[in-house]
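The values are calculated or read from the model by the stated rules, or taken from the named source; none is laboratory data. Being a predicted model, the structure only gives us computed values, none of them experimental. Glycine gets a Cβ as well: all are built from the backbone with ideal geometry, and neighbour counts include every protein chain shown. Calculation scope for accessible area: heavy atoms of the full protein, side chains included, ligands and nucleic acids excluded. Shrake-Rupley method; radii C 1.70, N 1.55, O 1.52, S 1.80 Å.
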Amino acid sequence: MSSTRTTPIEGHGTQYGFGGDEGNPFVHVQESPYLDFTSAHSYPTESWADLSLDETKKLIRAWIDDSHEKVGKAFFMGEFNVHNVDRAAWWSEIYADFEAAGDDGSAFWWYQDRDIDGKFGVSEGAPELTVFRDHSAAMATKSGRTPTTTPSPTAEPADEPTPTPTPPAEAPCQVIYRLSDWGSTFNADVTIHNTGTTAADDWQLSFDFPGDQTITQIWNATPVQDGRHVTVTHPSGYNTSIAPGSTMNFGFSGASQTATNGPPTAVALNGRACMAD
């Protein structure tokens, strides 16, 4: 039986602006040849941390960057949670940014079945579990596994709908749109895969919302919205090109009317239709 080894240090340190310098320098400790991957614990809403949502994402990206670039190991966020905020909203943005930064693994503190913890405990039916399931599915896909889903009940077929035209097999791109729907608000995580043979320079992704959705916040991209039609472009000055076989990821939050959310249509990269999942 094989096992993996890590050290459950908190990842505090003055260079990260999180907690204090506890005498366990993150990079130096994690460079030990006896450790298989790095880890840190994030509790940004504690009084001794007092980090905003954007500061939390910046902190986690710093851990990931140091783990990958300086230590040369995968990063695992072994404990994580927030309180006294909209937990589902925070989790949604943090996990989307976590995935965009090249995450390797995560957990949260903690799923409880007894000894109820009113501060960090997450129980069955909590809305943040939907966020974590979506994140778990994304991680399974990244690992080359098919996410496990609960099959929907079989219903009697209605009248055959008119099939939506499918872009030709030679479509130069594939767009994966993952939706986290909370009724009047939602989050979307979008991955563009350049399946063509040439780079998508100065990339622009266009699509149409299915209803009156409105983008309220976006990360790793810049949007222009005209009614239901949206054009998203690369951030100014970086990530301007998607090489053949490569992917680009961005995410956004939006406002909507309940029961109107769904995948976008007319998805195109630089004017050419994409396969959409």
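Computed values, structure above
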read-out	value
Kirkwood hydrodynamic radius of the range 213-277, from inverse mean 1/r over distinct Cα pairs, in Å	13.4
Carbon/sulfur fraction of accessible area - the chain, other protein chains in place, 1.4 Å, %	51
Relative contact order for the chain, counting Cα pairs under 8 Å that sit 6 or more residues apart, in percent	14
Protection proxy ranking, peptides 205-212, 76-83, 49-56, average beta carbon neighbours within 10 Å, highest first	76-83, 205-212, 49-56
Surface per residue (accessible, 1.4 Å probe) for the range 26-76, Å²	49
Heavy-atom surface of the range 203-277, accessible at 1.4 Å and reported per residue (Å²)	48
Intensity falloff of the range 170-258 expressed as log10 I(q)/I(0), Debye formula with alpha-carbon point scatterers, at q = 0.15 Å⁻¹	-0.57
Whole-Hz ³J(HN,Hα) from phi, Karplus 6.51 cos²θ - 1.76 cosθ + 1.60, for the range 218-234, glycine and proline x	9, 10, 6, 6, 10, x, 10, 10, 10, x, 7, 8, 10, 10, 10, 10, 5
Scattering curve values for the chain, log₁₀ I(q)/I(0), Debye with Cα scatterers, q = 0.13 Å⁻¹	-1.00
For the range 6-66, alpha-carbon Rg over 2.2 N^0.38 Å	1.09
Helical mean residue ellipticity (222 nm; -39500 (n - 2.57) per DSSP H run of 4+; nearest 500) of the chain	-5000 deg cm²/dmol
Mean separation of Cα contacts under 8 Å, 6 or more apart, over the residue count of the range 1-123: relative contact order %	22
Set of lysines with alpha-carbon distance to LYS70 below 21 Å, sequence-local pairs under 8 removed	LYS57, LYS58
Under-5 Å amide H pairs with LYS73, H placed in peptide plane, nonlocal only	HIS68
Fraction of the pair-distance distribution of the range 179-220 above 15 Å, Cα-Cα pairs, percent	55
